[in-house]
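I have placed the structure first, in the form of structure tokens, so that the comments after it can refer back to it.
None of the figures in this text is laboratory data; all of them are computed from the coordinates on show. Please read these numbers as outputs of a predicted model, since none were measured by experiment. Positions of Cβ are generated from backbone atoms using ideal geometry, with glycine treated the same way; all protein chains shown enter the neighbour counts.
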Amino acid sequence: MPERIALHVNGRHVEVDRGSTVLAALAVAGVAICRRSVQGEPRGALCGIGVCFECRVTIDGVAHRRSCQILCREAMEVRTDG
Amino acid sequence: MAERRTEVLVIGAGPAGLAAAAAAAACGRRVLLVDDNADPGGQIWRGEGRAHLAVPARFEVRCGVRVVDACGASAVLAESAGGVERLTFDRLVLATGARERFLPFPGWTLPNVVGAGGLQAMVKGGVPIAGKRVVIAGSGPLLLAVAAYLRSRGARSLLIAEQTGRLRLARFVLGLAGAPQRLRQTLELRRALAGVPLLTDAWPLSAHGAGRLEEIRLRTRRGERGERCDLLACGFGLVPNTELAALLGCRVEAGCVAVDEHQATSVAGVYAAGEMTGIGGLDLSRIEGEIAGYAAGGDERKARAGLGPRRRARRFARALERAFALREELRELPDARTLLCRCEDVSVGRAARYPSWRAAKLHTRCGMGACQGRICGAAAAFLFGWRCEHARPPASPARIATLAAQHEV
Ligand SMILES: Cc1cc2nc3c(=O)[nH]c(=O)nc-3n(C[C@H](O)[C@H](O)[C@H](O)COP(=O)(O)OP(=O)(O)OC[C@H]3O[C@@H](n4cnc5c(N)ncnc54)[C@H](O)[C@@H]3O)c2cc1C
Ligand code: FES
């Protein structure tokens with residue numbers, strides 16, 4: 001069994017396997033919306049490989065991090081703009 | 001700023017970059033291979049790339065390192081969690097791969113409308129797919145590979161909508177008779193997908209839902225139909241990543257980095273291999289990587305051994321290109337209000353008022369957002385026939401510290 005990691009998505013407790021992306025933690029938490037566009041439209045991940053920047057979230061207080069590229073760490077605090 | 005010297009620097013640890021690094025190391029060169037992903041492997045071997053490294057690897061691999069700009073003729077600027085550094089080289093091999101092409105249609109910006117290869121990457125990164133209803137749409141063999149992968153991970157139902165025509169596809173499969181190994185791969189894939197409907201002449205017309213995807217409209221041979229689904233995974237072929245090469249001054253032609261017989265670019269000492277020099281798939285990427293690696297390492301004889309296999313792999317790439325060429329009707333998918341640029345929320349209608357990509361960028365900020373036109377540039381090139389390759393440093397949004405450090409040198 002892979003090791004589990006616990007973190008928070010919008011204040012909610014979530015557990016994922018070690019090696020999972022932050023995007024995976026959002027999906028486990030049932031969150032599809034990562035950010036709001038300049039006109040306020042909801043947006044979620046598109047390319048999955050770090051190119052489109054649609055999956056940006058705030059991680060441990062740092063804004064605009066690409067959730068598809070960053071791996072979960074224990075006790076991370078993730079916030080979406082949804 | 002920290003500085004690292006190496007004889008051969010390889011950027012991109014996909015199949016092409018891994019092959020190049022191994023070949024250059026076999027020539028006795030000191031080789032450094034860098035990639036911005038957390039692990040080597042590129043798109044196809046995402047997360048399992050270590051298994052494809054010869055053990056013990058005779059070159060150094062560093063992941064989580066993103067090259068953001070050129071830095072004179074024999075160095076590049078790279079950033080990582082550890083900060084900014086200058087990587088200096090005698091020879092450089094670029095192997096930055098490709099990304100998917102996304103075409104706009106009403107609703108394509110809804111959450112849970114994703115890339116096809118993109119969804120595969122997300123699931124490899126831990127996004128749960130079990131029990132989900134997925135429609136995979138667009139074009140090319142990647143759609144089938146993704147479907148087979150998602151099925152193996154427990155997706156509940158799958159439907160594939162391939163835009164190319166039934167006859168073209170049949171002709172392509174018949175053409176595989178001359179390549180038994182590829183034919184076997186295709187049949188195996190088809191077997192893995194037994195029971196999964198594969199529609200040809202079919203494409204998404206629109207996506208609908210409140211805050212996230214709920215339903216799509218599909219155009220099929222039998223007319224329009226609705227389909228309820230959790231995810232729509234779209235990919236209309238691949239687009240070479242040429243931005244970094246362009247920043248280094250390499251000539252880019254028809255969207256691909258131009259190379260000579262030995263994979264050398266127009267800039268002395270700089271080679272390029274893999275999807276960035278033209279979309280050709282795994283085999284071609286590896287062969288090109290090997291040629292580039294031997295050429296950069298100084299063993300011309302070994303480099304030339306790859307020329308025959310490369311010719312055959314290129315022939316197959318051309319057959320693929322013909323079989324999955326995008327049809328004209330896809331240009332009519334967006335309406336005037338459909339967004340073209342997702343970063344700056346610029347509609348297709350607004351961009352269409354201008355005669356060129358340059359003019360549209362200037363007046364609407366289209367292509368000037370976080371992705372720097374990587375998504376909408378390829379769409380605009382297809383919709384309007386514009387040339388959309390203007391590389392401006394940095395090659396990807398870099399931290400201010402990186403840019404500041406550059407001016408210290
Ligand atoms: C999302 C996606 C999924 C795919 N899935 C499959 C599949 O399942 N099966 C299949 O046969 N083909 C797949 N392909 C096609 C794939 O392009 C080829 O099979 C093959 O991986 C290409 O090899 P490559 O070495 O040219 O490029 P890639 O494998 O794309 O490798 C390029 C590498 O360069 C790195 N890179 C790019 N720019 C920089 C930079 N500035 N600094 C540092 N590193 C950088 C990237 O992170 C990447 O790891 C996929 C393509 C995409 C875009
Ligand atoms: S989904 Fe495109 S950058 Fe993360």
Percent breakdown of C-alpha pair distances by 5 Å bin, ordered from the shortest bin, for region B:102-236: 2, 10, 21, 23, 21, 13, 7, 3, 1, 0
Magnitude of the Cβ-charge dipole of chain B, K/R +1 and D/E -1, about the Cα centre, nearest 20 debye? 1160 debye
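Normalising by the residue count of chain B, find the relative contact order in percent from Cα pairs under 8 Å and 6+ residues apart.
Numbers: 886 pairs, mean separation 77.5, N = 409.
19 percent.
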When the C-alpha atoms of the protein assembly as shown are aligned to their principal axes, what extent does each axis show, in angstrom, from largest down? 59, 57, 56
Two decimals is fine: what is log10 I(q)/I(0) at q = 0.13, 0.14 Å⁻¹ for chain B, from a Debye sum with one equal scatterer on every Cα and no solvent? -1.19, -1.35
Value of relative contact order over region B:102-236, rounded to a whole percent, pairs C-alpha under 8 Å and six or more apart: 36 percent
Among B:Leu143, B:Leu119, B:Cys234, which residue has its Cα furthest toward the positive end of the charge dipole of region B:102-236, with +1 on Lys/Arg Cβ and -1 on Asp/Glu Cβ? B:Leu143
Of the trypsin sites (Lys or Arg not before Pro) in region B:218-299, those whose Cβ has at most 14 other Cβ within 10 Å and which sit in DSSP loop: B:Arg221, B:Arg222, B:Arg251
Per q in 0.24, 0.27 Å⁻¹, report the Debye log10 I(q)/I(0) for region B:81-158, using one uniform scatterer on each alpha carbon and no solvent. -1.21, -1.45
Extension gain from B:Ala336 to B:Arg358, taking 0.36 nm per residue of separation minus the Cα-Cα distance: 6.0 nm
Net charge near B:Val252, counting Lys/Arg +1 and Asp/Glu -1 over other residues with Cβ under 11 Å of its Cβ? -1
Give me the Å³ per residue figure for the convex hull around the C-alpha atoms of chain A. 82 Å³
Assign unit charges at the C-beta atoms only (+1 for Lys and Arg, -1 for Asp and Glu), then state the dipole size of region B:131-206 relative to its Cα centre in Debye, rounded to the nearest 20. 200 debye
Less than 12 Å Cβ to Cβ from B:Arg286, Lys/Arg counted +1 and Asp/Glu -1: what total charge do the surrounding residues give? -3
With springs connecting C-alpha atoms under 10 Å apart, model chain B as a Gaussian network and identify which of B:Ala51, B:Ala378, B:Ala317 has the largest mean-square fluctuation. B:Ala51
Which value does Rg/Rh take for region B:275-375 over its C-alpha atoms, Rh per Kirkwood? 1.19
Could you identify which residue out of B:Trp203, B:Trp108, B:Trp386 has the top mean-square fluctuation in a GNM of chain B using Cα springs shorter than 10 Å? B:Trp386
Please report the relative contact order for region A:4-79, taking Cα pairs under 8 Å with a sequence separation of at least 6, and give it as a percent rounded to a whole number. 37 percent
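Assign unit charges at the C-beta atoms only (+1 for Lys and Arg, -1 for Asp and Glu), then state the dipole size of the protein assembly as shown relative to its Cα centre in Debye, rounded to the nearest 20.
Working: 69 positive and 48 negative charges, 251 e Å.
That gives a dipole near 1200 debye.
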